[in-house]
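Visitor: Quick one: structure below, then a few questions.
The values are calculated or read from the model by the stated rules, or taken from the named source; none is laboratory data. This is a predicted model, so every value here is computed, not measured. Cβ atoms come from the backbone with ideal geometry, glycine included; neighbour counts cover every protein chain shown. Each accessible area value is taken on the protein alone, full model and side chains, heavy atoms only, with ligands, DNA and RNA left out. Shrake-Rupley method; radii C 1.70, N 1.55, O 1.52, S 1.80 Å.
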Amino acid sequence: MLKEREEMDNCDDYDPDGYGGSTMQDAYDQALEYSQKQPPEEPDIRNRSTLLARANELGAQVRDGALWVAAGVGGAVLIALEVIARLLGLDLRFRP
């Protein structure tokens, strides 16, 4: 799709989702940027210390047998932490 967009010379007339010119251009620029990056490494789910390290990177802490996370954490991070908590056999709890 990026190749098709490039071949259209960034034509503003092609806006299938109705985003509008600049928003669509921003989305294209971001997609192009991410297409050129290496994907992040997946944690080894068999290795408890790897999962704990990833949880810490995402802002969580293990305390009192639970994985504690800030109440305002974003959706994607929350989903990742929920999966990590389940793999580790821990409850996911929120701190203020």
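Visitor: So in region 23-67, with the set limited to residues that are under 18 Å from GLU82 (Cβ atoms) and among the polar types (S, T, N, Q), which one is least open to solvent (accessible area, probe 1.4 Å)?
Guide: Among residues in region 23-67 that are under 18 Å from GLU82 (Cβ atoms) and among the polar types (S, T, N, Q), the one least open to solvent (accessible area, probe 1.4 Å) is THR50.
Visitor: Which one of the conditions (1) over 30 Å from GLU4 (Cβ atoms); (2) under 18 Å from the mean Cα position of the chain (by Cα) does ARG48 fail to meet, given that it meets all the rest?
Guide: (2)
Visitor: Within region 76-96, take every residue that is free of Cβ contacts under 8 Å to residues at least 24 places away in the same chain and open to solvent by 50 Å² or more (accessible area, probe 1.4 Å) and give me the one that is farthest from the chain's Cα centre (by Cα).
Guide: Checking each candidate, the answer is GLY89.
Visitor: Let me ask another. Would you check which residues across region 51-70 are under 12 Å from LEU92 (Cβ atoms) and assigned to a loop (DSSP other than H, G, I, E, B) and list them?
Guide: Across region 51-70, the qualifying residues are LEU58, ALA60, GLY65.
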